[in-house]
Amino acid sequence: MKEKKIKFIFTGGGSGGHVSPALAVAAELKKTLPEAEITYIGVKNKAEAHMVPKAGIPLKFVKSAPLPQGKSPVSLFKFAMTMFSGLSKAALLLLKIRPKAVFATGGFVSAPTVFAAWILRKATFGLFKTKIMIHESNTDLGKMNKAAAKAADKVAVSFSETIRHLPKNKGFFSGYPVRSSIALEERAAARKELGIPENAFVIFAFGGSQGSRTINRVLANSAKKLLEDPDTYIINGAGKPFGKVYEYHGFNDVSGILEKQNLGEAKKRYILRDFIDNMGLYYAASDLLVIRAGAGSIVEVCRQGKPSLIIPISNIGNDHQIGNARFIERAGAAAVIYERTDPLNGIDIAFADSAEFCETVSRLRDDKLKLAEMSEAAKNIFPGNPAEIIVKNLLYLCHLGEKPAEIKGTEFVTDRVLGLNSTTLEKFLQKTKTGAEKPLEADEVKLIKNKIDMLFSSHNPVIKARACRSSGILGYAEVIPLIIRYAADKNSAPFLSRDAFAALKQLTLICETGRREDLFNAILSGLENSYYETRFSAEKCIPAFAGHFGISENERGKFLDLLFKNMSDHCFEVRAEAVLAAAQISTDTGNLLEHFSKLYFDAVWKVRMALLQAFEILIKRGVLDKKTAAAEIDRILITSNGYTTEYELKKEYNSVMELISQEKKS
């Protein structure tokens, strides 16, 4: 009698990081349940089109697309039409195949199949009974899996930490399934096949199936320095784009950089590849891996027992790769270098610093004991067989097996600064400054500076403005030249120049003397800016400037000329702040009082409040005698149209008069 097939649909892709775990689970499922018939659903010209047929699994294609970043009606319409087509095709395949379950590993590729299965279940009132299980590779749910988790029956996770972000009783720990085809190979045999000497130090770098621009460029740009050591070899899996349309061609990019390096004979020790199929061979030959921090890469490398140098993708607001990298670093199996941008020099594409990279690689190369310790730590991070765990849970979900025992994953330490976007970062920094959050540690400061650099590299002026404010709170001195530039540029967006001065009020206190003239000119420019909030923000910087650098008579005169002009400004905030700033720097009280007197009956009580505060400043500075101060204060109108619980103007008046009284007694 012919054996009845039990059908399953697998989906997920776009990149090798989504396809590899799916293939690992598929292989385990066939091993456990030989009668299983698996069909894979993917998208043309993506990683699955290359990898799935090699695994001997039938592959069907549907249309899908990532959610557009902007809100363009045209983009949204195209996305909607693509998804409608994909859902329709996926639904037809599901109705034809009638699988026991859909297993999805994420990426936009899996969206049509997962949601088609969910819609069919709802539309048929439970007559279509296909189960849905998804797997999340990273510590934080991806966009697709965040939505799919609501439709899924069960969610397998690589990190126990992820379970708390899921509905109750829906998540279970599995770990990250690794391809069984990548077996541990003999080091000596691998090196012989690759033509690498036994005593060589081998760096193996790769950034996924399509390559990593950051890894490729830092490696190629560091090649000349690293290959000065005659025993060092570099293997670079630069990546291969799928399809005719692509944004980046890693192999061509690296080839171009190497041509400019003038490596000479050393070029023979730089082994450049595009797509690497037999990863086990290269793992076996290597001493140090340079990788991204996708869960697939780090788990695979750790299972090989290899020390690694991780360069995680830095993505403001979504730091799951940084979280993955720090998890491995804390376990003692990796060193981490963070991507950065260089907004001071207009470099907005993320990169890794070549000097830091060379120094880190050289330090590890020279410390054999450290490498051995990292290797041992790597082996112990991810115990168990994730593919087997997932298959047991999948079969139980389909009523084809017993309920598996629950397995606990390694405890994951949550980082305070990860996942913070431009808004939440500023709020977090405010809390650390007020003591509501514990003080920042050195590595947290480094991460936050990287985040701020990324914000400055945005083309959105609102984001840059938030970067200015966060820089001021943090005391990020390195970006002072950039913030001065934004403050002084009259073509800057109004709120950007305003927030640049808000930051400079705090950063001036740590500003180097070499920036004094630039800062002075920026403040002068700000005092005449067409935007009123920029004018009063610039005025607030004057006392900080004078207090930090001191002030020459020429500088004092230029500041006061513009402050006196601003005391006639149509905006009351500008008038009030001009009064306070002038009180901080003026030494000619006769001229100052002449301008103050024009505001004694100002229609806005807050301006008159500023006058009282200014007299308090002048008295404390010792530049105004008590008799003159008392006489001038009595000329100020002490009435208020402010709806406050206290008579603030009168309260301030009494405070200044008490100060004068104390001065007289002394």
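The values are calculated or read from the model by the stated rules, or taken from the named source; none is laboratory data. Since this is a predicted model, take the numbers as computed values, not measurements. Positions of Cβ are backbone-derived with ideal geometry, glycine not excepted, and every protein chain shown enters the neighbour counts.
Per-structure values
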| item | result |
| --- | --- |
| Given (1) of a type in the set (Lys, Arg); (2) farther than 24 Å from ASP319 by Cα; (3) out of contact with any strand residue (DSSP E or B) (no Cβ under 6 Å at 6 or more places or on another chain), number of the condition ARG303 does not satisfy | (2) |
| Tabulated pairs, region 100-122, first touching a residue at least 40 places away in the same chain (Cβ under 8 Å) and in the same structural domain as MET144 (by TED's automatic domain parsing), second buried (at least 21 other Cβ atoms within 10 Å of the Cβ) and charged (D, E, K, R), C-beta under 8 angstrom, 6+ apart or interchain | GLY106/GLU136; VAL109/LYS46; VAL109/GLU48 |
| Residue match in region 40-58 (condition: of a type in the set (S, T, N, Q) and in contact with a Lys or Arg (Cβ under 8 Å, 6 or more places away or on another chain)) | yes |
| Residues of region 334-387 that turn out to be in contact (Cβ under 8 Å) with a residue 12 or more places away in the chain, assigned to a loop (DSSP other than H, G, I, E, B) and small (Gly, Ala, Ser), as a count | 2 |
| Answer residue from region 253-266, given it is modelled with pLDDT of 90 or more and surrounded by fewer than 17 Cβ atoms within 10 Å (Cβ to Cβ) and is farthest from THR232 (Cα to Cα) among those | GLY256 |
| Number of the condition not met by LYS146 [criteria: (1) in contact (Cβ under 8 Å) with a residue 60 or more places away in the chain; (2) in a helix (DSSP H, G or I); (3) not hydrophobic (A, V, I, L, M, F, W, C)] | (1) |
| Failed item in (1) within 22 Å of ILE322 (Cα to Cα); (2) part of a helix (DSSP H, G or I), with LYS433 passing the rest | (1) |
| Test: residue in region 201-215 that is in contact with a Ser or Thr (Cβ under 8 Å, 6 or more places away or on another chain), over 23 Å from LYS379 (Cα atoms), touching a residue at least 40 places away in the same chain (Cβ under 8 Å) and buried (at least 17 other Cβ atoms within 10 Å of the Cβ) | yes |
| Residue that is touching a Phe, Trp or Tyr at 6+ places or on another chain (Cβ under 9 Å) and either under 25 Å from SER525 (Cα atoms) or buried (at least 23 other Cβ atoms within 10 Å of the Cβ) (or both), where the choices are ILE452, ILE480, ILE473, ILE484 | ILE452 |
| Residue within region 504-523 that is assigned to a helix (DSSP H, G or I), closer than 19 Å to VAL462 by Cα, of a type outside the set (Lys, Arg) and under 30 Å from the mean Cα position of the chain (by Cα) present | yes |
| Tally of residues being assigned to a loop (DSSP other than H, G, I, E, B) and among the charged types (D, E, K, R) across region 388-409 | 4 |
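Conditions tested, residue by residue: (1) crowded, with 17+ Cβ neighbours inside 10 Å; (2) modelled with pLDDT under 95; (3) small (Gly, Ala, Ser).
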residue: LEU504; (1), (2), (3): yes, no, no
residue: ARG535; (1), (2), (3): yes, no, no
residue: ALA538; (1), (2), (3): yes, no, yes
residue: PHE545; (1), (2), (3): yes, no, no
residue: HIS548; (1), (2), (3): no, no, no
residue: GLU553; (1), (2), (3): no, no, no
residue: MET567; (1), (2), (3): yes, no, no
residue: VAL579; (1), (2), (3): yes, no, no
residue: GLY590; (1), (2), (3): no, yes, yes
